[in-house]
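For reference, the structure is listed below as structure tokens.
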Amino acid sequence: KAGAPRGGGRSRTSGSPGLQEFGTRVGEVIHFGDFSGSSFGAYWVHKGQLVGSFLEGGTKEQYEAIAQVTRFQPKVEDLAELGIQGVGFALTMSQKVPSAGPIAPVPSTDAGSSSIVLEKPLYAWHAAAGVVVAASIAAFAYWYGRRRRRW
């Protein structure tokens, strides 16, 4: 499940208790942080959408922010900017994203300063429309089948 820590709800550790991965490792990887220092990580962007992330040596607030942003899966237009912002991107976006989940697009406060677009995926509407169409077809088939038997 995207946004949940890998490993069935637990954080995945690799020799260090500070490593946590969220989402999926699909698409282009963008590294950030100080690799010789204590805190670094990466984001995975697939088809212009952030789908996965990991952080090594972060604070509890940083881990929560990265988990929340990965769960929200915002669109990312400028990969270089994402790499420069690093964990700051997750901290900034987690403050903009409602804690209950994405409800509506969040407008940027600085016009033209950020190329990161937030918008709610329309998958729920697509699924609901598919269910309505399937139920309508089934009802019509049932009605038509009963009608033909009367002849």
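Since every read-out is calculated from the coordinates, none of them should be taken as a lab result. Quick caveat: nothing in here was measured; it's all calculated off a predicted structure. Positions of Cβ are backbone-derived with ideal geometry, glycine not excepted, and every protein chain shown enters the neighbour counts.
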- Efficiency of FRET from Cβ geometry, Glu81 and Lys60, R₀ 25 Å, rounded to 0.05: 0.45
- Sort the range 28-96 into rounded, prolate or oblate with this rule: let a ≥ b ≥ c be the square roots of the eigenvalues of the Cα gyration tensor; rounded if a/c is under 1.5, and if a/c is not under 1.5, prolate when a/b is larger than b/c, oblate otherwise. oblate
- Rank-order 20-30, 75-85 by packing density, defined as the average count of other C-beta atoms within 10 Å over each peptide's residues, highest first. 20-30, 75-85
